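Presented below is the structure to which this report refers.
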Amino acid sequence: MSTPRGEFTSRFGFLMAASGSAVGLGNIWGFPTNAASNGGAAFLFTYLILVFVLAYPALMAELIIGRHAKANAVTALQGLSRGTISRGMGTFVGFAGIITVSLILSFYTIVSGWMVAFLIDPLARIANLDSLADWLTTDTILRNALFVMLFMGLTIYVVSAGVKDGIEKWASRLMPSLVVILLLLILYVITLPGASDGMRAFLIPDFKQLIDPGLIINALGQAFFSLSLGAGTMLIYGSYVSKKENLPALGGMVALLDVGVAVMAGMLILPAMYVAQANGVAIYDESGGLIAGPGLILSVLPALFNSMGSAGLLVALAFFLLMTIASLTSSISMLEVPVAYAVENHSVGRRKAALIIGGIVAIICLTIVANFDDLFDLVVTVTTEYSQPLGGLFFCIFAGWIWNRNSLLQEIKQGFPEVEQSLFWKIWPFYVKFICPVAIAAVYIQLLS
């Protein structure tokens, strides 16, 4: 007897969950510094084009396949297959997605643990627990291991509650909170000395950078990572969408929400970096590039908050609450991918599956923590730069080449009866069949060369 599947109960719930998956640490620290290091608005311009020219079509492929199959990635791709070869490819791509998303979750949980530690830090300082605050902000194996377990516990708690009472319920609470906090921080930071220089770095283009292949690779990687593509995350969320929903419209809203939060993050992080510089904090590394990634979030911005006196404690609290929310809305979507497979294909109870798989990912996290210098960057590079775009390529191949075109049309028609007359149907099938695979493959080859 098959296990009953959950379903999002409202469009709002799906949008909050899907945009929560898309909006994560990659938007809030990756996008702004990528933009500043790659020509400011030139990167923004390229990113926007790639989101809607390549990432949105790939997103739609995952959503449509997921809703059609009402199943996890392995079962969904096997169901679209026409023969032994395509079935084998579907099985491989499905399992590769599960492995990829689990590895992404492993490094993501480590970074998210840092966010939780830095969230508690201002609370400790307000309570005059300075020794605890110092421990929370010092990079040690013990601290990292403890907060890996704490954050994974939060993720398991949400996923084990199911689609309606877990993922949808918490995403509908967390995502609006994230946007409100982000807007309040922007309004505060742009009033500070030096913020206007950061706005110029983010919004004034250097169009000479447009011919740099590195900019295109970075922008495509940012688009795929921030939209959670290529690992089956959006496919599984698509499988929980009602047949009555207009999928092209839903996908467009998710892409717009993701882009909107990424742009808002740029309007916060880049001005904050230049405010930090105005306060005597170094924002450039030894090679002359802007400090990015963990160095930005765990060094530059905390130094800025410390220079702001008592107000800095409240700003730090709000900022790391923002980062923790962004982390959690993404991590629950990642854990859902292997959990859904275990529940549907092996009849494992949801809570048991979440505990077992979350525990396995936690062990991988602890292994990376213990061998951080050797493993962390390796896992990040393999999953986000190589595996995700390749997964997106195969999802496009399944939607464009293997799935019967009429069956595909009938699936979209269930929530969009007039789709055949729409601009979407005039463009998307051709795009997902020819343009997306070629473009993604070209960028992938450039990356390997």
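Each value in this text was obtained by applying a stated rule to the coordinates, not by laboratory testing. Only a predicted model underlies this, so the values are computations on that prediction, with no experimental measurement involved. Heads up, the Cβs are rebuilt from the backbone with ideal geometry, glycines too, and the neighbour counts pull from every protein chain shown.
The table for this structure:
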read-out	value
Sequence ranges 172-178, 21-27, ranked by mean other-Cβ count within 10 angstrom, highest first	21-27, 172-178
Rg/Rh ratio calculated on Cα atoms of the chain (Kirkwood radius)	0.96
Helix 84-126 vs. the chain, principal-axis angle (Cα, 0 to 90°, nearest 10)	20 degrees
20 Å tail of the calculated P(r), the stretch 265-418, as % of Cα pairs	71 percent
Förster radius 56 Å - calculated FRET efficiency between Ile49 and Ser131 (Cβ-Cβ, nearest 0.05)	0.65
Ranked packing of 247-258, 278-289, most packed first, by mean Cβ within 10 Å	247-258, 278-289
Estimated 222 nm signal from helices in the chain, with DSSP H stretches of n ≥ 4 weighted -39500 (n - 2.57), rounded to 500	-23000 deg cm²/dmol
Local net charge near Thr137, Cβ-Cβ under 15 Å (Lys/Arg +1, Asp/Glu -1)	-2
Distance histogram for the stretch 241-351 (every C-alpha pair counted, 5 angstrom bins, percent rounded to whole numbers)	2, 9, 13, 16, 14, 12, 10, 8, 7, 5, 2, 0
Summed side-chain charge close to Ala117 - residues other than Ala117 whose Cβ falls under 10 Å, Lys, Arg +1, Asp, Glu -1	-1
Highest-fluctuation residue, Met234, Met264, Met60 considered, GNM on the chain with Cα pairs under 10 Å	Met264
